[in-house]
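What follows is a set of notes on a single structure, which appears directly below.
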Amino acid sequence: MKWKSLGLWVNLLVGGALALAIWVLMAWVASRPALRTLVDLTPQQSSSVDAITIDLLKELRGRQADLEFHQFYPPFEGQAADALKAQEFRIRSRLRELTKLLLLSYQALGGDQVKVIEHDLYGDPQKTREAAQRFDYRDSAGDVLVVAVRVPGKEPRFRKLSLPLDLGRIEMPNTAAPMAKNQLPVLKAFVGEVQISSAIKSLLVEGTPAVYVLMGFSPQLSDGATGGSYGMLFGALQKLGFDVKRWDASKDAAVPADAALVVALEPVRDFNDKVTESLHTWVKRGGRVFVNYAWNELDDWNPTGGKFGQLLGYEVGARPVFHKIRDTSGKTGGRWLDNDPAVKRPELGVNPGHPITRRLAQSRTGLEVRHARAIREIGSPAGVRRDVLLVTGDQGWQAAFPEGQQDYRAPLNVKLASFDVGMAIEVDVDPALLPPDTPNPPKTGHVVLVAGQFCTNEGMPYYGDLALNICNWLTERKVLLDLKSSGYEAKYLQVQPPQIDRIGFFLVYGVPGLFLLLGGVVLYLRRRQ
Amino acid sequence: MNGAWVTFKKELFAYLVSPVSWLIAVLFYLMRGYELSRLVAHFADNRLDQELLPTLSYGLTSTFLMVMLVPGILTMRCFAEERRTGSIETLLTAPVRDVDVVLGKWGAAAVFYGLLWLPSVLVLHVLEYGWFLDADLAFGPVFAAYLGMFLLAGLLLAFGCFASSLTDNVLLAALLTIIFCFGLLRLPNLVAGSVDVAGNYYLRELLDKLDVMRNFAEWFARGLIDTSQVVFYLGGIGFFLFLTGISLQSRRIA
Amino acid sequence: MIAVSDLTKKYGAFVAVDRLSFEVTRGEIVGFLGPNGAGKTTTIRVLTGYHPSTSGTATLAGFDVAKDSLSVRKNLGYLPQEVPIYPELRVVEYLRYRAALKGVPAKGRKLAVERAMDKAAIADVARKLVGNVSHGYRQRVGLADALVANPPILILDEPTSGMDPNQRLRIKQVVKDLAAEHTVLFSSHILAEVQDVSSRVIVIHRGRLRADGKPHELLAQGASSRVFVAARTGAQALAAALAPVPGLLAQASDGEALGIARAHCTFAPGGDPAAAVGAQLLAAGIAVCELRPDLPSLESWFHAITEGCEVETVR
């Protein structure tokens, strides 16, 4: 009869194994992205994502694309010495929390193609260094989320998003206000989904956007390693996933068909009629152009915009803009100084409302340009909206060099003023110019002007972000920016010491005491016959 | 099902009148109360986002102890004690199916565990009043965490029932369950630390599912309910209850 | 109501029950006898569906134990040797729980519990915790549990163990009363318990059926009659006086103390040896201090009927 009992044991073992298999199968089937659902009970639904994001992740699966989220969270340095620093830490940790929470949704929806990696320099230094190198990340960049997409058969591409600057909306106290000292910056909102989904979309949908550098108007332009060259800019663009190409307009005046963005760097002549015509038409069809003027010592190398400027309603001054410098030594009591070569590099104020310069404004990084010139609005062409991006302080002037001599003194006979040196121009698309069967026709074309050198090899380490921002923004698809995000808003407790005392009493004595009492009563009743 | 319901009622009643249960409740809420009052003070001092308070209240040490120690204590007597005293014989010769007995006993343990946690929700609600915090707390995470805790405990208690059915030594049963809880809480971290998990989807997915404490802290306690996790827990509960049934059956072979 | 045929139960190589067959009909009270380790409890556990048999079949109330265990259990009241202890419940709570578990409808449950407590004479401890009542009471709580659903078949495993004589008497009476509506199989290793109550006795040893029949018949059948006598005389004189008693097979002197001699006598079956001895001693003019039939202990009697040899003179 031994066999009988052995048979029973085998039966039970098989039963157990089968049950285990069923369990594993159930769990596996349930984690298929198609069947997996998230129920979001988080405060303010901060983890819920819009239908557009869900579609996006579906598309990702369809295209077998791998999506990686790399989170770089450098450790907080030291103790928070003052309230401001402490608040900064709190905002940062809250942003990290919200980001992680949101990424859980992406991970849940994306299935096995989505990886969420949090790099920890102390936990795994080797991998963290490799990843930092791959994404060109430095600790000074702070909390950064890298969105990396790898579509089969294409180069992997990524986009860096800064938590405080891109994903969060932090309200800075108005430093001019009288009570500014006691005010702390506050995390007002979290717009992670808009940013992350936009980044994915742009990485996924556009393929490799081609940036065309307009040749033929900037004979001095070089991509070498010297200070005035643009090699670093091109390298950074390529790293960001742009295809940097040249457009030799002297050979073919038509804008290349695959262009996502045309960049003209330090043109020394106005665009000729053909190029003007083709560029303007392209913009009217939704094209994007970035023109970076700079003042040149050769008088006739300072184009003013010409026909292109007239069509879009701007004109660039021919003379360099200088600006008095603030005396930081304190000896003169905060006066503005001139007659110093430093006046050549005006410090600029940035428009905090425009997406290109918003993060620059928030990070409060100073921006200096060389060889600035003034951009002026002229006329009012139909369907064109102009927006100032960069502006000097109000102690500026347009310098004149009567005898070929550089003169750093402010002219006495001219009133000092502020000059615009950066401008974003939005142009309504003319539907008539579009091919009739264009899907999702763009609504606007964009031109960004900066009149001053800032993204040469010299300037890139400091102001490269602005140049990359401009290119990113100009090539970004706008469809996603209006997706409905939860828009998390922070709430804060206001608790007085007596309340804390009451809470402590209630929690430490009240609740356990209640249980003690109840338990005692129950046990007494049970003991009674 | 009558058998399951009757067993459930009897077992739940036994839990409610057991001094051990009340001792657990008092100690748990004493520790939790201390930790929670410290947490509230911390929030007030540092102006932390109040929406985090309910979530963080589930990350306290008392939660950890409750998950690690209490399931073993609750279920150790389920079958081991009955085997030791011989009452299992009356139980299994009564006209009830084994599955009813298992379901009833597990159900009572799970519901009792749920009851142990219920006051923690009420406490948070009481804190909302003006006399205390005077704030609207977010209860989404609380409910999700409650569900998550119930599922997690259900799994652990199902294992506890199984462990208890294996032996007639009550302490051994408790120890087995506690080791299981501890293993489930620690193992995924250990494996993830020693093996390259990122590259292996299945291993990663498995570890993700098994990393119950992280799932609890990062999903349920934040207010996120992932249906695949719910299915995982339900499947695990079914699995261990099935094993318990098998284990009861095997007495027929002995 | 109970039919067992060729029932065998092995634990590994050890045969606990060996091709056991017997039947119990409706309304019978059957004593299930055997020394410790004879296989009584094992047989009972097979019958209650707690253990499966290795081979052979058993049916209770027409249901096969192995195939339809649940139906068997519905018709069965079982008092195990180890009486259940849920120390945290009150007696009445325990019985109510058991009644519910056995499917006694909620409406009649209170009444059923009261009736069972009444029968088992435990009404006085109803509100005590099960953990706090004495062993004898606990045994009776188990009995009340077996009775509570009023099942047609009762199987009681050593119902009187651990009870004081009064309680025993009471339980025996209860079991007798049960005969009216129940079929009862109860096990014991004490012959006296069985004799008084049961209409029939089944004896097993080493898992095998050794005897099956009415108690006095069984005793008369296999065993010789024995008489113990104590008389105020010398040992020699007593032996001489006893010698002529008809049917005497053997006598063993128990020695002499304080002028009283004691002896065990064994007689051939049949007749009334005690009366014969009394008459003989009276005739011999010897004062009889004590004279009683010396019933064999189960052990010796059992030994006799199993091993097939005569009853030895056992002290």
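The values are calculated or read from the model by the stated rules, or taken from the named source; none is laboratory data. As the structure is a computational prediction, the values presented were derived from the model and not from experiment. Here Cβ is always computed from backbone atoms with ideal geometry, including for glycine, and neighbour counts include all displayed protein chains.
Observations on the structure shown:
- Restricted to segment C:194-220, and to residues there that are under 10 Å from C:Leu33 (Cα atoms) and under 9 Å from the mean Cα position of the chain (by Cα), the residue that is modelled with the highest pLDDT is C:Val201.
- Residue match in segment B:22-32 (condition: in a helix (DSSP H, G or I), at the interface with chain A (Cβ under 7 Å from one of its Cβ atoms), within 30 Å of C:Tyr94 (Cα to Cα) and not aromatic (Phe, Trp, Tyr)): yes
- Out of A:Leu6, A:Leu41, A:Leu20, sole residue that is in contact with a Pro (Cβ under 9 Å, 6 or more places away or on another chain) and either facing another protein chain (nearest Cβ under 7 Å) or modelled with pLDDT under 75 (or both): A:Leu41
- Every listed requirement among (1) within 14 Å of another protein chain (Cβ to nearest Cβ); (2) touching a residue at least 40 places away in the same chain (Cβ under 8 Å); (3) charged (D, E, K, R) is met by A:Glu97 save one, (2).
- Just one residue in the set C:Gly77, C:Gly31 is closer than 28 Å to B:Asn2 by Cα, part of a strand (DSSP E or B) and under 19 Å from the mean Cα position of the chain (by Cα); that residue is C:Gly77.
- Conditions (1) in contact (Cβ under 8 Å) with a residue 60 or more places away in the chain; (2) not assigned by TED's automatic domain parsing to the domain that holds A:Val146; number of the one not met by A:Thr37: (1)
- Taking (1) within 26 Å of B:Phe28 (Cα to Cα); (2) out of contact with any Phe, Trp or Tyr (no Cβ under 8 Å at 6 or more places or on another chain); (3) not hydrophobic (A, V, I, L, M, F, W, C) in turn, B:Gly107 satisfies each apart from (2).
- Per-region count, segment A:409-441, residues of a type in the set (S, T, N, Q) and surrounded by 10 or more Cβ atoms within 10 Å (Cβ to Cβ): 2
- Members of segment C:75-86 found to be in contact with a helix residue (DSSP H, G or I) (Cβ under 8 Å, 6 or more places away or on another chain), in contact (Cβ under 8 Å) with a residue 40 or more places away in the chain and at the interface with another protein chain (Cβ under 9 Å from one of its Cβ atoms), listed by number: C:Leu76, C:Tyr78, C:Leu79, C:Pro80, C:Gln81, C:Val83, C:Pro84, C:Ile85, C:Tyr86
- Verdict on B:Gly148 being touching a residue at least 60 places away in the same chain (Cβ under 8 Å), facing chain A (nearest Cβ under 9 Å), closer than 18 Å to B:Met68 by Cβ and crowded, with 19+ Cβ neighbours inside 10 Å: no
- Residue in segment C:145-153 that is surrounded by 23 or more Cβ atoms within 10 Å (Cβ to Cβ) and closer than 21 Å to C:Val17 by Cβ present: no
- Some residue of segment C:101-108 being touching a helix residue (DSSP H, G or I) at 6+ places or on another chain (Cβ under 9 Å), within 8 Å of chain B (Cβ to nearest Cβ) and of a type in the set (Gly, Ala, Ser): yes
- Counting the residues of segment C:1-40 that are of a type in the set (Phe, Trp, Tyr) and crowded, with 20+ Cβ neighbours inside 10 Å gives 1.
- Checking each residue in segment B:210-228 for being facing chain A (nearest Cβ under 9 Å), part of a helix (DSSP H, G or I) and without any contact (Cβ under 8 Å) to a residue 40 or more places away in the chain picks out B:Glu218, B:Thr227, B:Ser228.
- The helices (runs of 4 or more DSSP H) located wholly in segment C:81-194 that include 3 or more residues which are closer than 28 Å to B:Val101 by Cα and of a type in the set (A, V, I, L, M) occupy C:91-101, C:106-119, C:135-148.
- Lone unmet requirement of (1) more than 10 Å from every other protein chain (Cβ to nearest Cβ); (2) out of contact with any strand residue (DSSP E or B) (no Cβ under 9 Å at 6 or more places or on another chain); (3) buried (at least 22 other Cβ atoms within 10 Å of the Cβ) for C:Val92: (3)
- Conditions (1) out of contact with any Ser or Thr (no Cβ under 9 Å at 6 or more places or on another chain); (2) surrounded by fewer than 19 Cβ atoms within 10 Å (Cβ to Cβ); (3) under 30 Å from B:Leu52 (Cβ atoms); number of the one not met by A:Met26: (3)
- For B:Ala138, the criteria (1) in contact with a Gly (Cβ under 9 Å, 6 or more places away or on another chain); (2) outside any loop (DSSP other than H, G, I, E, B); (3) within 14 Å of chain A (Cβ to nearest Cβ) hold in every case but one, which is (2).
- From A:Gln496, A:Gln405, residue being surrounded by fewer than 16 Cβ atoms within 10 Å (Cβ to Cβ), modelled with pLDDT under 80 and closer than 30 Å to B:Leu36 by Cβ: A:Gln496
- Restricting attention to segment B:164-182, the residues that are out of contact with any Phe, Trp or Tyr (no Cβ under 7 Å at 6 or more places or on another chain) and in a helix (DSSP H, G or I) total 12.
- Single residue of segment C:62-74 satisfying the filter (more than 7 Å from every other protein chain (Cβ to nearest Cβ) and buried (at least 18 other Cβ atoms within 10 Å of the Cβ)) that is nearest to C:Ile122 (Cα to Cα): C:Val72
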